[in-house]
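The values are calculated or read from the model by the stated rules, or taken from the named source; none is laboratory data. Quantities reported herein were computed from a predicted structural model and do not represent experimental measurements. All Cβ positions, glycine included, derive from the backbone under ideal geometry; neighbour counts span all protein chains shown.
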Amino acid sequence: MMKNDFRKASRSGRGFLTIGILLVLTPALAADKSLEGAWELQGGEYVTEDGQTKNYAEMKFNGQKVLADGRFSFTMQSGDKFWASGAGRYEAEEGRYTETLTQRSFAAENGGVYSFRYRVDGDLWRLERWKDGRRVEFEEWKKVRP
């Protein structure tokens with residue numbers, strides 16, 4: 001290889017390295033940073049497979065969720081009994097929040113990927129998950145720590 005050819009190859013290699021670094025960092029840069037912190041469940045509801053709506057208050061649900069650097073974890077109880085937990089990666093951008101579970105205590109739908117519409121109003125975070133044109137899950141969380 002000639003000296004000039006080596007310099008060209010070296011420069012193009014740096015370009016690939018730069019592109020690779022940007023691809024790795026892009027999800028973290030695209031995340032809505034207002035979601036990072038600790039959250040406490042305030043209420044919600046979900047629709048069972050047989051179409052029944054279950055209200056979180058009636059089920060005495062309480063829970064916590066922590067989001068940081070594109071990762072999340074949550075735990076929920078019904079009264080004083082364990083209900084569910086999970087952890088994984090999340091993305092949040094332009095009103096769309098998506099969790100990809102890598103660990104969970106329950107059977108997962110859709111390969112463990114759950115996508116929600118969301119909005120943040122002050123310290124309240126509201127999420128809605130839709131399936132076949134019907135809202136199947138709603139949650140409201142209150143930020144307890146930034």
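Would you say E91 is assigned to a strand (DSSP E or B), out of contact with any Ser or Thr (no Cβ under 6 Å at 6 or more places or on another chain) and among the charged types (D, E, K, R)? Answer is no for this residue. Scan R129, R119 and give me the residue that is of a type in the set (D, E, K, R), exposed (fewer than 13 other Cβ atoms within 10 Å of the Cβ) and in contact (Cβ under 8 Å) with a residue 12 or more places away in the chain. Going through R129, R119 in turn, the sole match is R119. The one condition from (1) within 15 Å of E139 (Cβ to Cβ); (2) loosely packed, with under 14 Cβ neighbours inside 10 Å that T102 does not meet is (1). Residue check: is E91 touching a residue at least 12 places away in the same chain (Cβ under 8 Å) and of a type in the set (D, E)? Spelling it out, E91 is indeed touching a residue at least 12 places away in the same chain (Cβ under 8 Å) and of a type in the set (D, E). As for the stretch 34-43, it holds no residue that is in a helix (DSSP H, G or I), surrounded by fewer than 16 Cβ atoms within 10 Å (Cβ to Cβ) and modelled with pLDDT under 50. Determine whether the stretch 103-111 contains at least one residue that is hydrophobic (A, V, I, L, M, F, W, C) and at pLDDT 95 or above. Taking every residue of the stretch 103-111 in turn, none turns out to be hydrophobic (A, V, I, L, M, F, W, C) and at pLDDT 95 or above. Is it the case that R96 is in the same structural domain as L41 (by TED's automatic domain parsing), surrounded by 13 or more Cβ atoms within 10 Å (Cβ to Cβ) and of a type outside the set (D, E)? No; evaluated as a whole, the condition is false for this residue.
For the stretch 90-146, the tally of residues that are basic (K, R) and under 19 Å from F61 (Cβ atoms) stands at 6.
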